[in-house]
Amino acid sequence: MSKINIIGVYSDEDVFADAVQKIKDSGIVIKNVFMPFPVHRVFHILGLETRLPVMTFIYGVIGVGITFAFLFWTSVVNYPLKFGGKPLNSLSFIIIMFVMTIFVATLLTFMTFFIRQKIGPGKKAVMIDPRSIDDKFLIVIGKDPSMKKEEIDRITSLIKQTGAEEINERPEPEDFKEEND
Amino acid sequence: MDKQVTLSSRFKILTVVLILIGVAALVTGAFTDSPRFWANLLLNNYYFLTVAIGATFWLAIQYVSGSGWSAGFLRIPMAMGTFIPVAAITMLPILFGAGHIYHWAHHDALLDPVIAHKAPYLNMPFFVARYILFFAAWILIALLLLRYSRKEDEKGGLDYFHKAQFLSKVYIFVLAVSFSLSAFDWIMSIDVHWFSTIFAVRNFAMAFFHGTVIVTLIVIILNKLGYLPFLNPSHLRDFSKYILVLSMIWTYMWFAQYILIWYANIPEETVYYLPRTKGEFKPFFYAELIINFLIPFIPLLSGKLGSRIKILVPICIALIIGQWIDLYQQIFPGTIHHFKIGFIEVGSFIGFLGLFSLVVGWSLSRTPLIPRRHPYLKECTEHQRV
């Protein structure tokens, strides 16, 4: 069963942000928004917040821990070899730990992002409207089968009032994630 | 909006009392322990000079990057820039007493082959010439930036903004050369046999770091006093981002200098770190790193904590002490050779703090606090960030 969405297409970021504010204030549930570039005001209005930086921090801690454990095990526990008069457990670890922290955190963050968004190299992009990566701003409102005609009319007229260029109704693409964060 | 800062008589009396404490401390030093007098004079002068330089550099960055969020606060670094001429005067005794601080300025220093080799650069006439040149450049540009901003208040338009933008670019280039050489002149030449090529960058990072910290602190204080009513958590978050990033840059430079010397283990270089890491100065070696790196870094990783005044103010105050420790570590092992902290150190710092507050407060009270015709002012007063 495929769901139908009402899609409002805007071409100006300020008009779009005002529209999102107005539509949200009128009590209509906004399912999703798509923008060619991030508009902070829209995130603010919709209360969208990403937890990705928290994961990056955790990955960083894991990276630094694993790297230190590896260095400690190789150069202190398993094969202690003095060179240059330096202590075994020494400052020379720090640069490797620093670089590995960045490496592990970046790589795992990317992987988390790819998995959560179900994207990856070679996969065909699933888009509700390809123009959203060009110059159009989209607002997506789910059309419930239980909705009355008046309600749908109210939504479409509101989208039109707030300055939308066009209003489309489209089935949701297969394999499409509702939450986009 | 056009509120002007008025200095309360309590503030004036307090700063004058602080200055008197400083004078008392320096006089005590001059008569009881003259090397410490000279070392403290250099430390405190350089401390507040770097703060002023760092703040004006921060100002230049705001102009060059075309930042809107900070437009309403620009008068504060401008006021801090007016301390540079004062520092030029209070630092004058060092020119006359250079022999007490710098080994190379002794009359018999040229017997030392290393110093004789460096003599074409490190000699008194050239030293004085550089002093005059650097201060002249900094004072000229810092005061010109203030003047442009005042003119902008009167006339409006974009002319003065573009002029200030251009001058800021010039200032950044001028600082890159002049501040590096001044750090070599005034601080690195204390340990005249030793040199480090990253020394200037490390000092520059320190100046930028702590200049920004003091700007943040003054903004918060003015807000608490009822000025700058538009200050909101988003501004504070941007200030805390500056502090976070600069703490990392400072640590990076500090560590780059340390680890290369530690790793190469060349006696000419390690001699610098020997008293600092093994001797009496060891506690300060760790305190420096903890205060200047861990204290701002860990809490400010979370942007939410950084937008709270109750978190940001203690961090700023800790960093004021942190910079003092940083400079103490750079100056005292080479001049005094012993770990000494007493009334002379604390008192003279308090005295210079009073002088700095008085000068900055006075120049804040001379101009309207908000550059009301700055083109980005509206962006600043309505700055909101998720």
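The values are calculated or read from the model by the stated rules, or taken from the named source; none is laboratory data. Given the structure is predicted, the values throughout are model-derived calculations rather than measurements. As a convention, Cβ positions derive from the backbone with ideal geometry for all residues, glycine included, and neighbour counts pool all protein chains shown.
If the requirement is being assigned to a helix (DSSP H, G or I), within 25 Å of the chain's Cα centre (by Cα) and not assigned by TED's automatic domain parsing to the domain that holds A:Asp25, which of these qualifies: A:Phe68, A:Phe57? Quick ask: steps written out before the conclusion?
Details: A:Phe68 fails: within 25 Å of the chain's Cα centre (by Cα).
The conditions single out A:Phe57.
For segment B:56-71, residues that are on the phi > 0 side of the Ramachandran plot and among the polar types (S, T, N, Q) total 0.
Just checking, how many residues over segment B:262-273 are outside any loop (DSSP other than H, G, I, E, B) and either of a type in the set (Asp, Glu) or within 11 Å of chain A (Cβ to nearest Cβ) (or both)?
Final tally of qualifying residues: 5.
Going through (1) at pLDDT below 90; (2) surrounded by 15 or more Cβ atoms within 10 Å (Cβ to Cβ); (3) within 14 Å of chain A (Cβ to nearest Cβ) one by one, B:Lys304 falls short only on (2). Inside segment B:234-244, residues that are within 14 Å of chain A (Cβ to nearest Cβ) and crowded, with 17+ Cβ neighbours inside 10 Å make up a count of 3. Filtering segment B:168-180 for residues that are farther than 30 Å from B:Pro296 by Cβ and surrounded by fewer than 18 Cβ atoms within 10 Å (Cβ to Cβ) leaves a non-empty set.
One line per residue, one yes/no per condition, for (1) assigned to a helix (DSSP H, G or I); (2) over 21 Å from B:Ile132 (Cβ atoms):
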{"position": "B:Thr28", "(1), (2)": "yes, yes"}
{"position": "B:Leu49", "(1), (2)": "yes, no"}
{"position": "B:Trp58", "(1), (2)": "yes, yes"}
{"position": "B:Gly68", "(1), (2)": "no, yes"}
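Residue-by-condition table, conditions (1) over 14 Å from B:Phe293 (Cα atoms); (2) outside any helix (DSSP H, G or I); (3) free of Cβ contacts under 8 Å to residues at least 60 places away in the same chain; (4) within 14 Å of another protein chain (Cβ to nearest Cβ):
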{"site": "B:Ala207", "(1), (2), (3), (4)": "yes, no, no, no"}
{"site": "B:Val213", "(1), (2), (3), (4)": "no, no, no, no"}
{"site": "B:Thr216", "(1), (2), (3), (4)": "yes, no, no, no"}
{"site": "B:Ile221", "(1), (2), (3), (4)": "yes, no, yes, no"}
{"site": "B:Tyr227", "(1), (2), (3), (4)": "yes, yes, no, no"}
{"site": "B:Leu246", "(1), (2), (3), (4)": "no, no, yes, no"}
{"site": "B:Phe255", "(1), (2), (3), (4)": "no, no, yes, yes"}
{"site": "B:Ile259", "(1), (2), (3), (4)": "yes, no, yes, yes"}
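Among the residues of segment A:65-97, those that are polar (S, T, N, Q) and more than 11 Å from chain B (Cβ to nearest Cβ) comprise A:Thr67, A:Thr74, A:Ser75, A:Asn78, A:Asn89. Taken over segment B:338-386, the criterion of being more than 24 Å from the chain's Cα centre (by Cα) and either closer than 30 Å to B:Val192 by Cα or within 14 Å of chain A (Cβ to nearest Cβ) (or both) is satisfied by B:His338, B:Glu379, B:Glu382, B:His383, B:Gln384, B:Arg385, B:Val386. Return the pairs, sorted by first residue and then second, in which the second residue is buried (at least 20 other Cβ atoms within 10 Å of the Cβ) and of a type in the set (Ser, Thr, Tyr), the first residue lies in segment B:345-361 and is over 12 Å from B:Ala87 (Cα atoms), the beta carbons are less than 6 Å apart, and the residues are 6+ apart or on different chains. Matching pairs, first to second residue: B:Gly354/B:Thr15; B:Ser357/B:Thr15; B:Leu358/B:Thr15.
Per-residue answers, yes or no, for (1) over 26 Å from the mean Cα position of the chain (by Cα); (2) at pLDDT below 95; (3) surrounded by 15 or more Cβ atoms within 10 Å (Cβ to Cβ):
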| site | (1), (2), (3) |
| --- | --- |
| B:Phe135 | no, no, yes |
| B:Trp138 | no, no, yes |
| B:Glu152 | yes, yes, yes |
| B:Gly157 | yes, yes, no |
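Any idea which of A:Met55, A:Met100 is within 30 Å of B:Thr251 (Cα to Cα) and within 14 Å of chain B (Cβ to nearest Cβ)? Exactly one residue qualifies, and that residue is A:Met55. A count restricted to segment B:274-286 and to residues that are more than 12 Å from chain A (Cβ to nearest Cβ) and under 22 Å from B:Val201 (Cβ atoms) stands at 3. In the condition set (1) modelled with pLDDT of 90 or more; (2) within 30 Å of B:Tyr252 (Cα to Cα); (3) away from chain B (no Cβ under 14 Å), A:Phe114 is compliant with all but (2). The residue that is surrounded by the most Cβ atoms within 10 Å (Cβ to Cβ), among those in segment B:287-301 that are more than 14 Å from chain A (Cβ to nearest Cβ) and in contact (Cβ under 8 Å) with a residue 40 or more places away in the chain, is B:Pro296. Taking segment A:82-118 as the range and being assigned to a loop (DSSP other than H, G, I, E, B) and either under 19 Å from A:Tyr59 (Cβ atoms) or of a type in the set (Phe, Trp, Tyr) (or both) as the test, only A:Phe83 passes. A single entry from B:Thr335, B:Thr367 fulfils the requirement of being in contact with a Phe, Trp or Tyr (Cβ under 9 Å, 6 or more places away or on another chain), among the β-branched types (Val, Ile, Thr) and over 21 Å from B:Leu20 (Cβ atoms): B:Thr335.
B:Leu301 passes every criterion in (1) over 18 Å from the mean Cα position of the chain (by Cα); (2) more than 14 Å from B:Lys241 (Cβ to Cβ) apart from (2). The listed residues are B:Phe199, B:Phe166, B:Phe204, and the only one of them that is aromatic (Phe, Trp, Tyr) and more than 20 Å from the chain's Cα centre (by Cα) turns out to be B:Phe166.
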